[in-house]
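The values are calculated or read from the model by the stated rules, or taken from the named source; none is laboratory data. As the structure is a computational prediction, the values presented were derived from the model and not from experiment. With ideal geometry, Cβ positions are generated from the backbone for all residues, glycine too; neighbour counts draw on all protein chains shown.
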Amino acid sequence: MKLLIHDLNEEQLSKLIPVKPDDTTVISDDGSIRHCLGCFGCWVKTPGTCVIHDNYADTGEKISKCEEVVIISKCFYGGFSPFVKNVLDRGISYMHPYFTIRNGELHHRRRYGNHIDLSVWFYGDNITEVEKETAERLIHANAINLDCSVKSVGFVREIEQVTV
Amino acid sequence: MKIALINGSPRHKDSASAVILQMLKRMLAEENEILELYCATPAFAEHDLKQITSCDRLVFSFPLYVDAIPSHLLRCLSQLEEAYSAKAGSKPAVYALVNCGFYEGSQNSVALDIIKNWCHKAGPTYGQGIGMGGGGMLLAISGVPDDKGPKRIVYEAIKTMANNILAGASADNLFVSPGFPRFAYKLSAEFGWRKAIKENGLKVKDLSRRM
């Protein structure tokens, strides 16, 4: 299974992916997402699921069901857009609260056994070289934290240049 | 001088971000006008925006979320970028205090770079950042005097930043980790998770529940 997390509008997405493949789950911005409250309820109240009842409570579970995650995000200051970041913040139940040593640092232990290949597309007409460098470092850090592999990180000016 | 202390934790007062900001406030309060604000939702109120953009210094204190800035604070920074672009005149110097639950303060470095990049886009000058590990521990020991025990290493870093804030100076980022061994921090955190889940009427094995 493949998971696509993006911040495109319907028209932009349909131009990029006219027909959604059966093996792909798509997380889009329906305008209802609420931000993470930092309550850790997804670890100690309803383990594996966010306690906020909106359409994004099962993000951690969705990540656990796939082998490939593709992110398409407008670049904000060398990081993800607020919506994409919001989805990732709401998905921390993918990991276990316990710690393990990875890359010589403390990181969260795995909750699930699936292995993810991560592909990220950052778009925007004014992404600086410094922002690209920050974004590369961010994806590398995300990969260590999620214990996954980075397949690719791309930067484009126009959404049409994204290939998925 | 007018200094805005902006707490970017969604957990308001009960947060490591608040403990850290209060330590800094005690070093700045004399002869300065301190404006304390919470950024716990995805937008600043219009009144807050006006106040923030009138300040000479901005200090953001926030928790690390997925290696970067919490989404609600990111939305507020975008809003603040627009406010600065619409406002002529001098821009403030910006300082950032990022804390994470991991042991190593260096894990906050990407979040500090994002703040620095925001400064470049929005107009303010980037002053300095501190990346702190062991955020949860800081909340647990909030009653300990600032310059004592495991808080001392954090205190020293914040003191350095306070001096830079007062001078409007820029300096390299600082990274601090808890003042006790990593294995002890790990054991203590895991004890805390077991305690928390039992308090919620669940069993320790539920920590590992798969959906």
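Yes/no matrix, rows are residues, columns are (1) part of a helix (DSSP H, G or I); (2) in contact with a His (Cβ under 9 Å, 6 or more places away or on another chain); (3) within 14 Å of another protein chain (Cβ to nearest Cβ):
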residue	(1), (2), (3)
B:Asp147	no, no, no
B:Arg152	yes, no, no
B:Glu156	yes, no, no
B:Ala171	no, no, no
B:Pro178	no, no, yes
B:Leu187	yes, no, yes
B:Gly192	yes, no, yes
B:Ala196	yes, no, yes
B:Gly201	no, no, yes
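For the range A:95-127, give me each residue that is of a type in the set (A, V, I, L, M), over 18 Å from the mean Cα position of the chain (by Cα) and either over 16 Å from B:Val66 (Cα atoms) or more than 9 Å from every other protein chain (Cβ to nearest Cβ) (or both). A:Ile101, A:Ile127, listed by residue number. What residue, among those in the range B:109-138 that are farther than 14 Å from B:Ala68 by Cβ and assigned to a strand (DSSP E or B), is nearest to the other protein chains (Cβ to nearest Cβ)? Here the answer is B:Tyr126. A search for C-beta distances below 6 Å between a residue of the range B:88-108 that is within 9 Å of chain A (Cβ to nearest Cβ) and any residue that is not in a loop (DSSP other than H, G, I, E, B), counting only pairs 6+ apart in sequence or on different chains, returns B:Gly101/B:Gly135; B:Gly101/B:Gly136; B:Phe102/A:Leu106; B:Tyr103/A:Leu106; B:Tyr103/B:Arg182; B:Tyr103/B:Tyr185; B:Glu104/A:Glu105; B:Ser106/B:Phe175.
Can you name every residue in the range A:1-28 that is closer than 17 Å to A:Lys85 by Cα and surrounded by fewer than 18 Cβ atoms within 10 Å (Cβ to Cβ)? A:Asn9, A:Val26, A:Ser28, listed by residue number. Taken over the range A:36-59, the criterion of being of a type outside the set (Phe, Trp, Tyr) and at the interface with chain B (Cβ under 8 Å from one of its Cβ atoms) is satisfied by A:Cys36, A:Leu37, A:Gly38, A:Cys39, A:Val44, A:Lys45, A:Pro47, A:Gly48, A:Thr49, A:Asp58. Within the range A:66-79, none of the residues are buried (at least 23 other Cβ atoms within 10 Å of the Cβ), without any contact (Cβ under 8 Å) to a residue 40 or more places away in the chain and more than 8 Å from chain B (Cβ to nearest Cβ). Only one of the numbered conditions (1) assigned by TED's automatic domain parsing to the domain that holds B:Glu31; (2) surrounded by 16 or more Cβ atoms within 10 Å (Cβ to Cβ) is violated by B:Asp172, and that is (2).
With respect to the conditions (1) touching a residue at least 60 places away in the same chain (Cβ under 8 Å); (2) loosely packed, with under 14 Cβ neighbours inside 10 Å, B:Pro181 lacks only one, and its number is (1).
Any chance the range B:57-80 includes a residue that's free of Cβ contacts under 8 Å to residues at least 60 places away in the same chain and surrounded by fewer than 21 Cβ atoms within 10 Å (Cβ to Cβ)? Yes. Annotation note: of A:Val156, A:Val87, A:Val130, the sole residue that is modelled with pLDDT of 95 or more and away from chain B (no Cβ under 12 Å) is A:Val156.
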